[in-house]
Amino acid sequence: MKVAIIKYNAGNIYSVVNALRRLGVEPVITDDPQELSAADRIIFPGQGSAQTTMAYLRSHGLDEVIRSLKQPVLGICVGQQLLCAHSEEGDVDCIGIFPEQVKKFVPDSHDCKVPEMGWNSLHDLSSPLFKGVKEGDYVYFVHSYYVPTSEFTIATADYTVPYSAAMHCDNFWTVQFHPEKSGKVGEQILRNFLEL
């Protein structure tokens, strides 16, 4: 199986590479449209700001390439947010696979720090992406922005508000957390994605 990771100015790509290697997959990191189109699975990871990342994707034509993909695609963290229509981070239009607005967490008490950083539990699991994952299992999050729950939500988490921990539309799946940093649960989710 050929797995491609979309190459752009994002952090955390190598932790994703290492997680895939643990599953016996040697991914290719590429921004070449033909190479991406020929892959069996695509991973769109991300850390960083929505505004600068979208500027990079547009300047390299990668936004159009991503919209055109037909094979299973997994967006991770900022990858989930960039697949939405618009982000409050930098007030920027994004790729638009999901017609959703990305919002900034507003702390509801002095106990709630932004960004959300650390382990949080998953609920309302409703996708083959979560085969073998139990209601309430913990995964690792680092984010200041979130996607509200919608018809596309396939898992929720709660931090000041319930939000989309994962989404699905057509051949696009997304997770707000970092499966590559989420131990056995994250490994299972990555394995499930490869088997979709």
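Remarks
- Hits in the range 88-116 - residues which are under 17 Å from Trp173 (Cβ atoms) and free of Cβ contacts under 8 Å to residues at least 24 places away in the same chain: Pro99
- Counted residues, the range 37-50 - those being closer than 25 Å to Ser87 by Cα and either touching a strand residue (DSSP E or B) at 6+ places or on another chain (Cβ under 7 Å) or open to solvent by 40 Å² or more (accessible area, probe 1.4 Å) (or both): 8
Here is a yes/no grid of residues against (1) in a helix (DSSP H, G or I); (2) surrounded by fewer than 16 Cβ atoms within 10 Å (Cβ to Cβ); (3) in contact with a Pro (Cβ under 9 Å, 6 or more places away or on another chain):
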| residue | (1), (2), (3) |
| --- | --- |
| Glu100 | no, no, yes |
| Lys103 | no, no, yes |
| Ser109 | no, yes, no |
| Val114 | no, yes, yes |
| Asn120 | no, no, no |
| Leu125 | no, no, no |
| Leu129 | yes, no, no |
| Gly132 | no, yes, no |
| Glu135 | no, yes, no |
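- Only one of Ala38, Ala55, Ala85 that is free of Cβ contacts under 8 Å to residues at least 60 places away in the same chain and in contact with a Lys or Arg (Cβ under 9 Å, 6 or more places away or on another chain): Ala38
- Every residue from the range 139-158 that is out of contact with any Cys (no Cβ under 7 Å at 6 or more places or on another chain), buried (at least 17 other Cβ atoms within 10 Å of the Cβ) and of a type outside the set (S, T, N, Q): Val139, Tyr140, Phe141, Tyr145, Tyr146, Ile154, Ala155, Ala157
- Taken over the range 4-47, the criterion of being charged (D, E, K, R), part of a helix (DSSP H, G or I) and within 23 Å of Arg67 (Cβ to Cβ) is satisfied by Glu35 alone.
- Considering the conditions (1) without any contact (Cβ under 8 Å) to a residue 40 or more places away in the chain; (2) under 23 Å from Tyr140 (Cβ atoms), Pro72 is excluded by exactly one of them, (1).
- Output for the range 56-89, where each listed residue is among the hydrophobic types (A, V, I, L, M, F, W, C) and closer than 25 Å to Glu116 by Cβ: Leu57, Val73, Leu74, Ile76, Cys77, Val78, Leu82, Leu83, Cys84, Ala85
- Across the range 174-184, the qualifying residues are those that are under 19 Å from Val17 (Cβ atoms) and not hydroxyl-bearing (Ser, Thr, Tyr), and the one among them that is most open to solvent (accessible area, probe 1.4 Å) is Lys184.
- Output for the range 55-92, where each listed residue is in a loop (DSSP other than H, G, I, E, B), open to solvent by 30 Å² or more (accessible area, probe 1.4 Å) and touching a strand residue (DSSP E or B) at 6+ places or on another chain (Cβ under 6 Å): Glu88, Glu89
The values are calculated or read from the model by the stated rules, or taken from the named source; none is laboratory data. Quick caveat: nothing in here was measured; it's all calculated off a predicted structure. Positions of Cβ are generated from backbone atoms using ideal geometry, with glycine treated the same way; all protein chains shown enter the neighbour counts. These area figures cover heavy atoms from the full protein model, side chains too; ligands, DNA and RNA do not enter into them. Shrake-Rupley method; radii C 1.70, N 1.55, O 1.52, S 1.80 Å.
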